[in-house]
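For reference, the structure discussed in these notes is given below.
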Amino acid sequence: MVYVWFVLWPTVQAFQFSITDWDGLSADFSWVGLENYRTLITGDSVFARAVGNSLAFMLVVVIGQTILSLALAVALLRSTRISIALRALFFFPTVLSSVAVAFIWSFVYDPTFGLANRLLLAVGLGSWQQPWLGDQQMAIYYLALVQIWFHAGQMMVVYIAGLQQIPQELYDAAALDGAGRWQKFRHLTFPLVQPATVIVVAYTTIQSFKAFDLIIASTGGGPNHATEILATLIYDSAFRNFEMGYAAAQSVIFMVIIAAITLLQRRAVSLASGGSNR
Amino acid sequence: MTPAQHLPSPGRGPGRRSVLTALGAAGTGAALAACGGPGSGSGGATAAPDPGGDVSGTVNFYHWRSEDKAVLEELAAEFSAQHDGVTLEQTIDPSEQYQSTAAQKARDGEIGDVLTAFRGTQLDQFADLGIFTDMSDVPYLEDYQGDLIGPGQYEGTQLGLPYQLVFNMPLLNIDLAEKAGVSEVPGDWDAYLDLLDKLAGSGVTPIAWPGNDPASAFQIINSLVMNNGPDAEMFAKIESGQYRATDDWWITCLTQFQELSGYFQDNFSGSGIDGVLSLFTQEKAAILPTGSYQIGQVRSAGAEFALDLSPVMTNAAGEEPTYEGIFNSTFILGVNSQAKNPEGAAAWIEFLSDPVHAAAYGDGTTQHVTVKDVEYENPDLQALAPWQTRNTLLAPRFQFIDLDIRSAVENSLVAVATGTSPEQAAEEAQALVEEKL
């Protein structure tokens, strides 16, 4: 009953709105059939750009965050004073709100007074200075780096928990067989930490689609829609342009994309699992 | 438990649980659009109450200017002293939030006995929903300059009173201009470029442009088009399809803007408003191309140099410009048709309409006001007061009702500033406009 009320009913209602031209406020609206969908698919280049940005952002964040958090976990696995302090340091961003993170990084990325360009200048790389969030080709990736920084510590903790489950005897046996550090990682650590990887990839995928607040507070989707993702576009359609019917159609397509990715991920995990059993 | 025990069996298609899990995750996206349902209907505007009735209780003033809170509190204290037992409370939302949610929040009258609207889209929305009452016959209408309160009208009815008079034109550091050898604010395109060349030659950044802050960055569009546009309704006519972004006049604007961008600070496309304000207040940049509404912030940051407004004059030397500058009147005050305290609301607007109180508001916020016979004490307001009577155009940027079309046209400025040709940028903008028409 709870599932029907809180998940299925809003989904059905979103579809209901998506076939209207309702503005979100007035009582007047008309049924427009599938017109909103037709426009979105054939005549809205900003929507197409937002879909591309969302997928690019997700891909970079999932790959980058998985690699970084695993690397941090492996590096800080041993419980020395320094590694415990470093773990706390890397975990720290997680406790910040995403709006605060956006605020901090907008200062880092400021092209005139920001830390990033000043550092480049200080190390003699002044010619590498960038407009950062003003770069229409790269801005979405610079925001992806912020997202990775934001959540890598949290995922590191998941990996540390996974790594601690691996028996030390396996590493001892591998050492006796002459395995080096890389071979131990490739043939022992990486396969045995797979359950943690499943969690990290799933969580990171969800987090990347939920980066709405980070992007709204950093760039508002600009410049020129360069950092527009589906969530920010839906917000604009619904609450700035007051096209709630159109926003609902965007949401339904967003829902289909998330559902497809979720199913693909589960399928990929199934295949990977089958491979490991052979 | 081995790792594989956590995972589904291989070689099977998605099961019922997988599908439900996927739908569950996806439902969050759908919920965004399903957070409300069609609301109640709207009616025609009812007449605003006359002031002078029995005023008591609490009056709620709903607006978006948190920077005015302290000044309004002082005025509220005086208002309470005039009307024994009346309290004025402020409800303030950030401007972005106010634009998106004010109508929804205020429509039942729980907040906003008196509320404000942005010129254009939001006023239209309030009118459609019947939120504002008709102020056409209120006695304090006489206190306002008639030629400045037009933006408070909707289909011939005065639904609100624009309280602030803003000049959306670049601010020029006169001291830096004089040091660079220029003693007059430029009156034509050649003189403008000459000023910029001399400023650059004197070692300062001529223009600090906040390319990554659309609300501020695109104020420059107003003075850029005022003498290039074929008429005063140029953007409204792009939106109606009568004009196109590929028309010669817009391509001329883009070409001139591309030329201006050569005088911006390095990496301008990533600059936010805080960064360029710092450049300007520290006298590292001479022109801040936003508007008079930022003078207060410039002074708060400690800047003491002389200021003037310097619109982008695109006319040829010797050619009489159609307009000398840009103005906008906004912060439109209105009485909520569902106000819980309509008499108090009328009394508060009447109070603000008094020239003495309007002067206190203006001086406290460094904003000109649309009220007649106001004598400012603030030196910047006094210095810029002559602009109130000059031949200025109502800011055309706010003619856009569709924000996607506005964004498409405005973003063509970013495109040319970062290397796209004016013709190509115009074509791309027009393509986006046509998608929305």
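The values are calculated or read from the model by the stated rules, or taken from the named source; none is laboratory data. Only a predicted model underlies this, so the values are computations on that prediction, with no experimental measurement involved. When we count neighbours, we look across all protein chains shown, and the Cβ atoms used for this are built from the backbone with ideal geometry, even at glycine. The protein model used for the area step is the full one, side chains on, heavy atoms only, and it has no ligands, DNA or RNA in it. Shrake-Rupley method; radii C 1.70, N 1.55, O 1.52, S 1.80 Å.
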Mind checking which residues of the range B:255-268 are surrounded by 17 or more Cβ atoms within 10 Å (Cβ to Cβ) and within 14 Å of chain A (Cβ to nearest Cβ)?
-> B:S261, B:F264, B:Q265, B:N267, B:F268
Which members of the range B:416-437 meet the condition of being among the aliphatic types (A, V, I, L, M) and touching a residue at least 60 places away in the same chain (Cβ under 8 Å)?
-> B:V416, B:A417, B:A425, B:A426, B:A429, B:V433, B:L437
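Taking the range A:212-243 on its own, how many of its residues are within 8 Å of another protein chain (Cβ to nearest Cβ) and either open to solvent by less than 30 Å² (accessible area, probe 1.4 Å) or under 16 Å from B:I405 (Cβ atoms) (or both)? Even if it seems obvious, please write down each step before you answer.
Just the residues of the range A:212-243 that are within 8 Å of another protein chain (Cβ to nearest Cβ), to begin with: A:219-220, A:222-225, A:230-231, A:234-236, A:238-242.
From what is left, the residues that are either open to solvent by less than 30 Å² (accessible area, probe 1.4 Å) or under 16 Å from B:I405 (Cβ atoms) (or both) are A:219, A:222-225, A:230-231, A:234, A:236, A:238, A:240-242.
The number of residues fulfilling the criteria is 13.
Among what's in the range B:289-340 and is of a type in the set (S, T, N, Q) and assigned to a strand (DSSP E or B), pick the residue that is surrounded by the fewest Cβ atoms within 10 Å (Cβ to Cβ). If you could, list the steps in order and put the result at the bottom.
Here is the first cut: in the range B:289-340, the residues of a type in the set (S, T, N, Q) are B:290, B:292, B:294, B:297, B:300, B:310, B:314-315, B:322, B:328-330, B:336-338.
Okay, now just the ones that are also assigned to a strand (DSSP E or B), so B:328-330, B:336.
On the way: B:N328: 27, B:S329: 25, B:T330: 23, B:N336: 26.
The qualifying residue surrounded by the fewest Cβ atoms within 10 Å (Cβ to Cβ) is B:T330.
Counting only residues that are closer than 30 Å to B:I287 by Cα and in a helix (DSSP H, G or I), which one in the range B:151-174 is modelled with the highest pLDDT?
Going residue by residue through the range B:151-174, those that are closer than 30 Å to B:I287 by Cα are B:151, B:162-174.
Within this subset, residues satisfying the condition of being in a helix (DSSP H, G or I) are B:151, B:174.
Details: B:P151: 93, B:I174: 96.
Only one residue tops the list, namely B:I174.
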Residue under evaluation B:A415, criteria (1) touching a Lys or Arg at 6+ places or on another chain (Cβ under 9 Å); (2) within 14 Å of chain A (Cβ to nearest Cβ), criterion not met | (1)
Looking at (1) in contact with a Leu (Cβ under 7 Å, 6 or more places away or on another chain); (2) facing chain A (nearest Cβ under 10 Å); (3) not aromatic (F, W, Y), find the lone condition where B:P422 falls short.
-> (2)
Determine whether the range A:1-18 contains at least one residue that is at the interface with chain B (Cβ under 7 Å from one of its Cβ atoms), of a type outside the set (D, E, K, R) and open to solvent by 60 Å² or more (accessible area, probe 1.4 Å).
-> no
Answer yes or no: is there a residue in the range B:269-281 that is of a type in the set (A, V, I, L, M, F, W, C), open to solvent by 10 Å² or more (accessible area, probe 1.4 Å) and at pLDDT below 95.
-> yes
Among (1) within 13 Å of chain B (Cβ to nearest Cβ); (2) open to solvent by 20 Å² or more (accessible area, probe 1.4 Å) - the single one A:A50 does not satisfy | (2)
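Pull up the range A:168-195, narrow it to residues that are hydrophobic (A, V, I, L, M, F, W, C) and open to solvent by 100 Å² or more (accessible area, probe 1.4 Å), then point me to the one that is farthest from the other protein chains (Cβ to nearest Cβ).
Applying the first criterion (hydrophobic (A, V, I, L, M, F, W, C)) to the range A:168-195 yields A:170, A:173-176, A:179, A:182, A:185, A:188, A:190, A:192-193.
Right, trim to open to solvent by 100 Å² or more (accessible area, probe 1.4 Å) and you get A:176, A:182, A:190.
On the way: A:L176: 23, A:W182: 21, A:F190: 11 Å.
Ranking the qualifying residues of the range A:168-195, first place goes to A:L176.
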Identify all residues within the range A:25-47 that are among the small types (G, A, S) and within 11 Å of another protein chain (Cβ to nearest Cβ); write none if there are none.
-> A:S26, A:A27, A:G43, A:S45
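If I filter the range B:383-404 down to residues being facing another protein chain (nearest Cβ under 10 Å) and part of a helix (DSSP H, G or I), which single residue comes out as surrounded by the most Cβ atoms within 10 Å (Cβ to Cβ)?
Ranking the candidates gives B:D404 first.
Looking at B:V409, is it open to solvent by less than 30 Å² (accessible area, probe 1.4 Å), modelled with pLDDT of 95 or more and farther than 23 Å from B:E259 by Cβ? I'd like the intermediate steps shown before the answer.
On the way: open to solvent by less than 30 Å² (accessible area, probe 1.4 Å): yes; modelled with pLDDT of 95 or more: yes; farther than 23 Å from B:E259 by Cβ: no.
For B:V409, the condition - open to solvent by less than 30 Å² (accessible area, probe 1.4 Å), modelled with pLDDT of 95 or more and farther than 23 Å from B:E259 by Cβ - is not met.
Could you tell me whether any residue of the range B:99-114 is within 13 Å of the chain's Cα centre (by Cα) and within 14 Å of another protein chain (Cβ to nearest Cβ)? Before you say what the answer is, go through the steps one by one.
Filtering the range B:99-114 down to residues within 13 Å of the chain's Cα centre (by Cα) leaves B:99.
Adding the requirement that they be within 14 Å of another protein chain (Cβ to nearest Cβ) leaves B:99.
Looking for residues that are within 13 Å of the chain's Cα centre (by Cα) and within 14 Å of another protein chain (Cβ to nearest Cβ), one finds at least one in the range B:99-114, hence yes.
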Quick one: which helices (runs of 4 or more DSSP H) sit completely within the range B:208-284 and have at least 3 residues that are farther than 30 Å from B:K179 by Cα?
-> B:234-240, B:248-261
If you take the residues in the range B:65-92 that are under 22 Å from B:F126 (Cβ atoms) and modelled with pLDDT under 95, which one is surrounded by the fewest Cβ atoms within 10 Å (Cβ to Cβ)?
-> B:S66
Of the listed residues (A:V74, A:V60), the one being modelled with pLDDT under 95 and open to solvent by 30 Å² or more (accessible area, probe 1.4 Å) is A:V74
Scanning for something in contact (Cβ under 8 Å) with a residue 60 or more places away in the chain, more than 14 Å from chain A (Cβ to nearest Cβ) and of a type in the set (F, W, Y), does the range B:213-232 turn up at least one residue?
-> no
